[in-house]
Amino acid sequence: MSSIEKIVDQALKDGYLTPTMEAEVGRICDTAAELSIEEYMALDRLMGALLTGQVVAVPRKQFINVMEELVLAEAITRVAEVESTTEQTLDLADIAAYALNRLPPLYATTEGGATYQRQRAQEELQSLITAQVQEAIAAYLQKPDAPGGPSRLKEVVGTKVVAGQLSILLRDHAQKFDPGAS
């Protein structure tokens with residue numbers, strides 16, 4: 001049984017076609033050189049169930065978080081500034097996620113609500129958004145596993161690599177607990 005058939009069976013069983021299920025069926029159809037007769041029959045069953053209401057397609061999003069678009073816009077601006085003045089390549093998604101985890105969500109279900117949330121955020125929260133994005137960039141540049149980011153572990157060379165790396169890790173972590181440690 002193909003993935004399309006499994007997805008259709010699940011949708012018929014549940015009575016819902018989720019956005020994830022819909023996207024997977026679309027991906028399979030887009031990438032397959034040719035669909036089997038069984039897959040075409042499954043798609044036909046799904047179409048019939050959608051038309052009769054036996055299966056309901058769940059809308060992709062019934063709401064938006066306006067904070068996401070505001071943080072992304074700020075992050076794009078700040079990341080572009082950093083990348084234009086340094087050799088660093090920053091991960092925009094990491095930076096936006098870091099900032100979003102430290103900011104309040106601003107959900108809206110209508111375009112009017114979204115407009116209200118945007119205006120409110122720009123008046124009351126823009127400085128906080130900017131500060132969180134800048135903090136996210138600073139944190140990204142400090143994390144040792146950032147692609148292209150600084151890694152003090154790579155500074156250690158020679159025959160005592162493991163011991164040297166361990167020493168650096170312990171020293172770095174000790175500073176988090178005792179800022180006077182070095």
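The values are calculated or read from the model by the stated rules, or taken from the named source; none is laboratory data. None of these values were measured; they are calculated from a predicted model. Reconstructed Cβ throughout: ideal geometry from the backbone, glycine too, with neighbour counts over all protein chains shown.
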Q: Go through the range 110-135 and count every residue that is exposed (fewer than 12 other Cβ atoms within 10 Å of the Cβ) and within 21 Å of the chain's Cα centre (by Cα).
A: 0
Q: For the range 92-131, name all the residues that are at pLDDT 90 or above and among the acidic types (Asp, Glu).
A: 94, 123, 124
Q | Conditions (1) in the same structural domain as residue 26 (by TED's automatic domain parsing); (2) exposed (fewer than 14 other Cβ atoms within 10 Å of the Cβ): number failed by residue 46 | A | (2)
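Among the candidates 42, 75, 57, which residue alone is within 29 Å of residue 114 (Cβ to Cβ), in contact with an Asp or Glu (Cβ under 8 Å, 6 or more places away or on another chain) and in contact (Cβ under 8 Å) with a residue 40 or more places away in the chain?
Values: 42 fails: within 29 Å of residue 114 (Cβ to Cβ); 75 fails: in contact with an Asp or Glu (Cβ under 8 Å, 6 or more places away or on another chain).
The conditions single out 57.
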